[in-house]
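Derivation of every value follows stated rules applied to the coordinates shown; laboratory data play no part. Remember, predicted model here, so these are calculated numbers, not experimental data. Every residue, glycine among them, receives a Cβ derived from its backbone with ideal geometry; neighbour counts consider all protein chains shown.
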Amino acid sequence: MKPLFAAALLLMTTSAHAAWLQVCPASAAPSDAPRAALPGPGETVVVASSRAQLPGCRALPLGVDASQVEALYPLAPRDKPAHTILLYGPPGGKRFEPNSHELPQPDPADATPRREIMRLRTNLLVDARARAFGIEERVSVEHARGKLRIVCRPGARAAGVLLDGAWRMPLASVSLGVGYTASGSFAVQAADAVSAARESSYDVGRLDAAAAPRSASLPLPARLDRAGFRQFVILCPQEAATLELDSLQLEPAADPAKPAPRATWIWDRSEWMERGDALLAWAKSETIGELFIVVTLDGAKVRDPAALRAFVRKAHAAGIAVTSVEGDPHMALPDHRAATADRARAFAAYNREAGPQERLRAMQFDVEPYLLPDAVLAPADRDREYLAMARALREAAGGMAIEYVVPFWWWDKTDLLDGLAGLADGLAVMDYRTAPDQIYRFAAPFLDWSARHGKRVHIALEAGRVAPERQRRYVRADANEAGELLLVQAQEMPAPLLVLLRQPAKVANASLYRFSSERTLDGSATSFHADKAALRKLLPELERDLNAWPGFAGIALHGWR
């Protein structure tokens, strides 16, 4: 029998209890040993057994004692573990059985560092780089602890300080707020890629000694290409002068418009169909301005249009918009496309027949193709099929607004998001974090997308219950070092396999990872469920800042009711 991998990969053991991996049809595999289903067509499993051969199975030596195998966990076929492997499973219990994983990858050696979007109301001087310039060398700079001191000696030539950092300027309506003390009059300028290439910059304003209080809110020049922002420039006067900057930050423009209304998902149809008045009263009490509801369909028709019209009329009278929501990862599959398009036709037909106060504001699709097994939809095909689905929905929706629910980690899927810009009227971004800095960091790229394309974007936060998870971290073992996790890879196997061991072991010429740490994730980093008071307090602050983007459609709350 041909082994599944070369003998050089593993150290053979002569123990009577040596473990063998058996690749078997599910019907032939024993149920009293560690086992896992393998990806790919057919129902195939891998089993860790002390028997060298099981009927109907293909066997390969594992090189450890069978009693030390705690669990088997297959990765996806294209997964390539690097230095760290994170495994997740249910909390508690003596035996750890992973159900999901992450494989953090190092940045490529030639990767360009990510330029973070500037955080509003945050002192940029903390992370800024300050460089003096001028051929007369008449400028000295002290930069520490988020403060900057510039001393200028007399001179006729242009001189000053350049301020830059690993930033991108947001495409929001903002001004430059400066807290300072000065003994002269300093010019503030800003440069983008084009002006910097010409060694010029655009005037922003002046910081004068006579100002009281010594703070300024300087509007950014309209000519500045914010997407290509490069640096701020502070110019010294010709006479001797000193400038001390206490803070430099972006602030939402003065007198911003009223924040967009909050929204929430209502997944239970009976909430609006049977208890609509109570739902609307609750929404008003929570200052909810939009409801995303589930509507029953019969093919390309709404099943009970009269009930929907009645509810939307009441909602409209209460100042609450209504949007339909549909969600199923299978919608991205080609063989589901016709039925998916029928859903859009149903809502478009409903709106055509409804009166102005009975119409849905939009239709929303919560399609998460990454939840499908790789064998059902290969990762390399997901984005293409998602856009094909969006094109079909756009055609079926006609002139009715259509929006998509997307995860925050799609922020760098430039081709996908640019493709959606021509097919969608807006997005709802699942920004499921509770730390304000993270919420802003993940929201800003999508709000910039809204500004570039003239679209609407909801920023969604989680307030529902999130099941706790147990996380184990493993790191690659050094040569001759024992490990508790064995990575098995073979050409004949459909995917890499992780073998979790009860105790550290040494396996010659094998890929071993050693246990590093374990913790229980209680959901507090992703959901406000355990502290909704904190969310209530945070919402006005988030709305104040996110409202600086003209495309901000409001905060959407998941699990709020």
For the chain, whose charge dipole is built from +1 on Lys and Arg Cβ atoms and -1 on Asp and Glu Cβ atoms, the candidate among Thr414, Ala196, Pro39 with its Cα farthest towards the positive end is Ala196
Scan of the chain for GluC sites (Glu not before Pro) in DSSP loops with at most 16 other beta-carbon atoms within 10 Å gives a longest site-free stretch of 287-480
Length gained, Arg473-Ala435, 0.36 nm per residue minus C-alpha separation, equals 11.4 nm
Here the gain from full extension of Arg198 to Ser27, 0.36 nm per residue of separation minus their alpha-carbon distance, amounts to 54.3 nm
One finds the C-alpha centres of the stretch 330-361 and the stretch 71-144 to be spaced, in Å, by 40
Once the dipole of the chain is set up from charges on Cβ (+1 Lys and Arg, -1 Asp and Glu), the residue from the list Ala132, Ser49, Leu308 lying farthest towards its positive end is Ala132
Over the chain, the sum of -39500 (n - 2.57) across DSSP H runs of at least four, divided by residue number and rounded to 500 deg cm²/dmol, gives at 222 nm -6000 deg cm²/dmol
Given unit charges at Cβ for Lys, Arg (+) and Asp, Glu (-), the dipole magnitude of the chain about its Cα centre in debye, nearest 20, is 400
Treating every alpha carbon of the stretch 117-252 as one equal point scatterer without solvent, the Debye formula yields log10 I(q)/I(0) values at q = 0.09, 0.10, 0.13, 0.18 Å⁻¹ of -0.23, -0.29, -0.49, -1.00
In this structure, the FRET efficiency calculated for Thr520 and Arg157 from their beta-carbon separation, with R0 = 56 Å, to the nearest 0.05, is 0.35
From the Cα centre of the stretch 274-301 to that of the stretch 382-435, the distance in Å is 23
Karplus-derived 3J(HN,Hα) from phi for the stretch 29-36 (6.51 cos²θ - 1.76 cosθ + 1.60, θ = phi - 60°), whole Hz, x at Gly and Pro, runs 7, x, 9, 9, 9, x, 8, 7
Per the 1/(1 + (r/R0)^6) rule, R0 = 56 Å and r from the Cβ atoms of Arg544 and Ala482, FRET efficiency to 0.05 is 0.55
Sparse-neighbourhood loop hits (trypsin sites (Lys or Arg not before Pro), the stretch 452-499; DSSP loop; Cβ within 10 Å at most 15 others) -> Arg465
Candidate cut points under trypsin sites (Lys or Arg not before Pro) in the stretch 294-401, DSSP loop plus at most 15 other Cβ atoms within 10 Å of their own Cβ, are Arg303
